[in-house]
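A short write-up of the structure that comes next.
The values are calculated or read from the model by the stated rules, or taken from the named source; none is laboratory data. Remember, it's a predicted structure, so these values are computed and weren't measured experimentally. Note that each Cβ is placed from the backbone with ideal geometry, even for glycine, and that neighbours are counted across all protein chains shown.
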Amino acid sequence: MIVMNPYDVAIGLNQDTLNSVLNQAFGLSSLSSLFSNTNSVPIEGQQATVEWTVNQAPQISLTQPTSSQWSNAIDSSGGPPAVVPNAGTLTLPSLTLNYTYGGSSGTPTVNPTLIWTWSVADGVLTLTPYGLELTGTGASDALITYLLLPTIMGSAKNYMQVITLPTAQLGSAIGIELGPANFTVSSSQLLMVAAIQGQPIPDIPDASSLPSDNLFVQLSTAAMNAAAQSAAKSQVDGSHPVSGSGFTAEYTGTLDASKSSITLGSNPLDFNLSSTLSISVSATFLDGICSASSAATSL
């Protein structure tokens, strides 16, 4: 019998949530440089320039790229990328390129698909542009390899900054210390799990045991009891903001700590001290411009 290392905190975001964030971000004047800009590089002694404009919001997919997407993609060297398991895609439904290079020019509107990979190191999830499926530009191979490909992959890297979750900061927000996090990206959601400090790094749970909400935060009984004990010691009411790259989470707790006994109420969000401790979370992406919210629930 295989024994799974349990988790105390789980946070999940599904594909719809991520695309909702991208849809909200698209077109905001404060983020216009993410969706329209000019890049220029020398190629074989001649200056190549492209003015590019994203006409529709990017759409991310947590599903593995198809075989045709893999076979049609090129990587930063201009060759085909090796197929890897931890991958997804980001599509630009409408991208206009206005390029000049030597005696050639063009203004095509294309719909490239970027392949990205994900990895976890030291409790941090990183998404990296890996390859690009780009057709219909009418540009030379050199222009695609040295200007168009790095331009599009560079812009896509900015869009993928929304896919980040804080780890230890989440524990400090509710008064507990978490150990290193574990992550997975499946076809249905981005998931982070962590255990209270001192416990083994948790295994990724079966997806069927998790909520299907667009955004959820799930706490074990041990985590909620530890949070209540921490709050009771400090007798602190109010909110506890934390942040990560491109991400801010605010956990709000209300506590009457006049008694030290702790029991779980009928509502998983309520702790029966003399009154209650309720924990909720709001997640804000792209420095406060787009947001989603959820209540924490027990396992």
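Within the range 109-125, take every residue that is in a loop (DSSP other than H, G, I, E, B) and within 25 Å of Asn182 (Cα to Cα) and give me the one that is modelled with the lowest pLDDT.
Gly123
When only residues in the range 81-98 that are outside any strand (DSSP E or B) and among the aliphatic types (A, V, I, L, M) count, which is nearest to Phe35 (Cα to Cα)? Can you show your working first?
Step one: list which residues in the range 81-98 are outside any strand (DSSP E or B), which gives 81-86, 92-94.
In the following step, the residues that additionally are among the aliphatic types (A, V, I, L, M) were identified as 82-84, 92.
Working: Ala82: 29, Val83: 29, Val84: 28, Leu92: 10 Å.
Ranking the candidates gives Leu92 first.
Name the strands (runs of 3 or more DSSP E) wholly inside the range 1-71 in which the number of residues that are hydroxyl-bearing (Ser, Thr, Tyr) is 2 or more.
36-43, 46-54
Using beta carbons and a limit of 6 Å, which pairs, at least six apart or on different chains, have the first residue in the range 13-40 and farther than 30 Å from Leu210 by Cα and the second one modelled with pLDDT under 80 and of a type in the set (A, V, I, L, M)?
Leu31/Ala25
Of (1) within 22 Å of the chain's Cα centre (by Cα); (2) at pLDDT below 95, Leu132 satisfies all except one. Which?
(2)
If I filter the range 42-52 down to residues being surrounded by 15 or more Cβ atoms within 10 Å (Cβ to Cβ) and of a type outside the set (Gly, Ala, Ser), which single residue comes out as modelled with the lowest pLDDT?
That would be Ile43.
Among the residues of the range 169-185, what is the count of those that are at pLDDT below 85 and within 24 Å of Gln15 (Cα to Cα)?
2
For residues that are more than 21 Å from Val54 (Cα to Cα) and among the aliphatic types (A, V, I, L, M), tally how many sit in the range 66-103.
Residues meeting the conditions: 4.
Kindly check whether there is at least one residue in the range 86-103 that is aliphatic (A, V, I, L, M) and within 30 Å of Pro205 (Cβ to Cβ).
Within the range 86-103, one or more residues are aliphatic (A, V, I, L, M) and within 30 Å of Pro205 (Cβ to Cβ).
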